[in-house]
Amino acid sequence: MRFLIVFFLLLPLMGNSQVINAQHCGYDFTSYLVVEVTEKGKTETIKGLRISIADSLGRDVINVNNIMSWTNRNEPLIFKLNYKIDKTGNRVSSESPEAKWFFPFAKEHYLLSVANTFKADDYFIKIQDNDGTDNGGEFETQLIPLYPFNMYVLCSSENERQAQQFGPRTNRPIQVFLEKKNSP
């Protein structure tokens, strides 16, 4: 009988401990791919590039029914250049003195939001400098393989788990150095 009384007294405490552990991070179920693209020997990010997720043949991958990303349903997975915002959250020019990066971890690089279930090993990053862009097609198209450690995992519990593993660290941009087509 005492056991039943103690059990019923402890039952609410066991239920509360499960609710406390259910807290989620705002970035749960989402990771980011960040690509830092510079010209070989320079430090400035090359703007006006089209960077997308591609298969092994270089074809753009379509985000069918949001399987790979929570945004841009049934469209190709295309990277966007990070931008700056003011104190009210409005987009501003990068020269504004009070502006800060919308995604501080990505600075002045290209980024793409993907689901945590995204199988990076199966895909590539395709970097194109098409004629008619800011660069006028000066750079060769590149196809670069992706790896799971290329993904930015922003929730602390996932970061702690990955910090205990061996191998390359997460939360670092994919560095790409492009050369001009007519370079020696």
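Considering only residues of segment 59-77 that are hydrophobic (A, V, I, L, M, F, W, C) and within 15 Å of THR117 (Cβ to Cβ), which is modelled with the lowest pLDDT? Taking the candidates together, the pick is TRP70.
In this structure, SER17 does satisfy being open to solvent by 40 Å² or more (accessible area, probe 1.4 Å) and either of a type in the set (Asp, Glu) or at pLDDT below 75 (or both).
Scanning segment 99-111 finds one or more residues that are free of Cβ contacts under 8 Å to residues at least 12 places away in the same chain and exposed (fewer than 13 other Cβ atoms within 10 Å of the Cβ). Listed by first and then second residue, the pairs linking a residue in segment 127-151 that is at pLDDT 75 or above and part of a loop (DSSP other than H, G, I, E, B) to a residue that is crowded, with 17+ Cβ neighbours inside 10 Å and among the hydroxyl-bearing types (Ser, Thr, Tyr), with Cβ atoms under 7 Å apart and 6 or more places separating them unless they lie on different chains, are LEU146/TYR123. Residues in segment 81-97 that are among the charged types (D, E, K, R) and either part of a loop (DSSP other than H, G, I, E, B) or at pLDDT 95 or above (or both): 3 in all.
Scanning segment 69-98 for residues that are open to solvent by less than 40 Å² (accessible area, probe 1.4 Å), touching a residue at least 24 places away in the same chain (Cβ under 8 Å) and not small (Gly, Ala, Ser) yields LEU77, PHE79, ASN82.
The values are calculated or read from the model by the stated rules, or taken from the named source; none is laboratory data. Please read all numbers here as calculations on a predicted model, not as lab measurements. Glycine also receives a Cβ, built like all others from the backbone with ideal geometry; neighbour counts cover every protein chain displayed. Surface accessibility is based on the protein's heavy atoms, side chains included, excluding ligands, DNA and RNA. Shrake-Rupley method; radii C 1.70, N 1.55, O 1.52, S 1.80 Å.
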